Amino acid sequence: MCGIVGYIGTNAAAPVILEGLSKLEYRGYDSAGMAVYDGNQIQIKKSVGRLKVLEELTHGGATMPGVAGIGHTRWATHGAPSDVNAHPHYNAQETIAVVHNGIIENYLPLKDKLISKGYTFTSDTDTEVLAHLIDYYYKRTCKDGTEGNPLVAITKVMHRVQGSYALGILFADHPDQIFAVRKDSPLIVGQNEEGCFIASDVPALLKYTRTVYFIENQEVVRLRADHMHFYTVDEEEITKEPVTIEWDTDAAEKGGYEHFMLKEMYEQPKTVTDTLLPRLKNGDIVIEELCMTQEEICAIQKIFIVACGSAYHAGMTGKYVIEGIARIPVEVDLASEFRYRNPILEKGTMVIVISQSGETADTLAALREAQQRGHKVLGIVNVVGSSIAREADNVMYTWAGPEIAVATTKAYSAQLIALYLLAMKFGKVRGTIEQTQFQEMVEDLRRLPGQIEMLLANKNRIQRFANRYVGAKDVFFIGRGIDHAISMEGSLKLKEISYIHSEAYAAGELKHGTISLIETGTLVAAVATQNMLFQKILSNMIEVKARGAFVLAVTTQGNTEIEKAADYVIYIPDTNPYFTNSLAIIPLQLFGYYVAVGKGCDVDKPRNLAKSVTVE
């Protein structure tokens, strides 16, 4: 939610900020703005709409001279998208500018307090409270006409506000420095020979530096052109170790593809390979970061998988795979519900949290809840050094590289691989899988990247089919067992980027109400990859077809019997039944993508959505 970029150095700040914001526009695109100190004052430009509006308004930053500034792309929480609600926000004298990612939960009583002291507000945002509150405390540090102390003012504000925030702050009295602050919303800082940077996420900095520092909760950073200092909320200076980012800079560029989403779909074979192969050694699965002994693995009585969105769908697949292979009971929870339902975590319970960004607010809260109850947590994340990666007891990286499109594709595929590996590792250690079967499954895993590549090569056929459903109003996805889990993800891909109403149902539930929604011409996508359930899903397809549905089927090669019940069939290569989701998702991703493109939707940045949900 929202993207923050800041720069102070020897180059013009505005073009650097705009470049960084362009890499973070997936985080928020309701409005955008910049504040740059021009040598005399803080100059602020902001506008509703996409970042290109701000670029045109400032002529690419040329009309905003200065070497220190902060910028922001907004995903609206408090206050509708508008010029006045856009960031940066500032005090009455426009001598303090603030950009903010997060939510200030107690902003209303703070606002009332400030109004009682003579402050006036022009926006509907919670962020404007921060600008005036910093102003209030900053002025209290000014004595006998001297400049105030920004660090003291900022830490006093941190003691007063409740909620989540990542802040970039610029003071006209101190134009040789900018400040960054963090609590529960991601923020990193970086440095090169030409200056220092702040950003909400790594892609904004890849062009400039690979050396970054991850700001922890309740920390403040003072950045100057050639160095930075870190402080606690009590103004005590601390030292931090830098982290080197290994991501390929080309991975954050479109590379000739029309959309990031299409590029990232085509990166899935590499993503699967990179997540898989380092953990296959001498015919065995070695997950060094798991840090569990055989005795500890055998002692697992139950597993909780906690996640949101597509990661939750990966967790649903993980439930079937882990229970089937390792025979460990698995419960999958939406992170937003987990801690509020007072979950029962008994001895022998393992908690796994899954998040592409490693910053998902609800998932991070679930992690902390589990740890407070005395349970260790394994995090499956994509972003090195993210909050979940740092706070989890152990972390398993998915090595998908930067994922820019809001709708996940390659990170989801990598999460599936991580869960397959865990299930097989647990099953082998616990003796629930024979060595011969284990080796066959390893070989099936090795074949997945090539099989995914083959399915991606079939995109033209899927595109032609998708063009027929650009005008669809309702689409239903059905499946049984693991196929139900993949139906959920296929449905989400379609609805989030094409805005077509879509639902996923366990096929056995059709007769319990859902079938009443089927009418002539309704598209029903049926996933049928599980041989033991094939005849059951076939019957469900016949049921909806008899009521006028047009049936799209996704099944494995050889299941030609399905053609009597389906109007259109997509075949996927044969693989182990536990791994079929890695293949079945590919045509469903392509279908959703081409429907959205046909409708003229902004595929990479669908309305009302942001890549990383860092507020509850």
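Observations on the structure shown:
- Lone qualifier among 267, 236, 246 - being over 30 Å from residue 149 (Cα atoms), surrounded by fewer than 18 Cβ atoms within 10 Å (Cβ to Cβ) and either in contact (Cβ under 8 Å) with a residue 12 or more places away in the chain or more than 19 Å from the chain's Cα centre (by Cα) (or both): 246
- Checking 39, 61 one by one, the residue that is over 21 Å from residue 201 (Cα atoms) and touching a Leu at 6+ places or on another chain (Cβ under 6 Å) is 61 and no other.
- Members of segment 134-162 that are open to solvent by less than 10 Å² (accessible area, probe 1.4 Å) and either farther than 24 Å from residue 106 by Cα or modelled with pLDDT under 90 (or both): 148
- Residue in segment 367-376 that is touching a Pro at 6+ places or on another chain (Cβ under 9 Å), open to solvent by less than 10 Å² (accessible area, probe 1.4 Å) and not basic (Lys, Arg) present: yes
- Residues (crowded, with 18+ Cβ neighbours inside 10 Å, of a type outside the set (D, E, K, R) and either without any contact (Cβ under 8 Å) to a residue 24 or more places away in the chain or not in a helix (DSSP H, G or I) (or both)) located in segment 530-558: 530, 549, 550, 551, 552, 553, 554, 555, 556
Here is a yes/no grid of residues against (1) closer than 30 Å to residue 73 by Cα; (2) among the aliphatic types (A, V, I, L, M):
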| residue | (1), (2) |
| --- | --- |
| 521 | no, no |
| 537 | no, yes |
| 544 | no, yes |
| 548 | no, no |
| 568 | no, no |
| 580 | no, no |
| 584 | no, yes |
| 592 | yes, no |
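- Among residues of segment 507-532, those that are within 33 Å of the chain's Cα centre (by Cα), over 18 Å from residue 567 (Cβ atoms) and modelled with pLDDT of 85 or more, counted: 2
- Selection status of residue 128, free of Cβ contacts under 8 Å to residues at least 40 places away in the same chain and under 22 Å from residue 180 (Cα atoms): yes
- Output for segment 422-433, where each listed residue is open to solvent by 10 Å² or more (accessible area, probe 1.4 Å) and either within 21 Å of residue 488 (Cα to Cα) or part of a helix (DSSP H, G or I) (or both): 425, 428, 429, 430
- Note on segment 364-421: among residues that are outside any loop (DSSP other than H, G, I, E, B) and hydroxyl-bearing (Ser, Thr, Tyr), the one that is nearest to residue 443 (Cα to Cα) is 420.
- The single residue among 322, 352, 344 that is aliphatic (A, V, I, L, M), modelled with pLDDT of 95 or more and either open to solvent by 60 Å² or more (accessible area, probe 1.4 Å) or out of contact with any helix residue (DSSP H, G or I) (no Cβ under 7 Å at 6 or more places or on another chain) (or both) turns out to be 352.
- Scanning segment 559-569 for residues that are of a type outside the set (Lys, Arg) and either in a loop (DSSP other than H, G, I, E, B) or open to solvent by 10 Å² or more (accessible area, probe 1.4 Å) (or both) yields 559, 560, 561, 563, 565, 566, 567, 568, 569.
- Residues satisfying the stated conditions in segment 401-413, i.e. at pLDDT 90 or above and open to solvent by 10 Å² or more (accessible area, probe 1.4 Å): 408
The values are calculated or read from the model by the stated rules, or taken from the named source; none is laboratory data. This one's a predicted model, so the numbers in the text were calculated from it and none came from an experiment. Don't worry about glycine lacking a Cβ; one is built from the backbone with ideal geometry, like all the others, and counts go over all protein chains shown. For the accessible areas, the whole protein counts, side chains as well, though only heavy atoms, and no ligand, DNA or RNA atoms are used. Shrake-Rupley method; radii C 1.70, N 1.55, O 1.52, S 1.80 Å.
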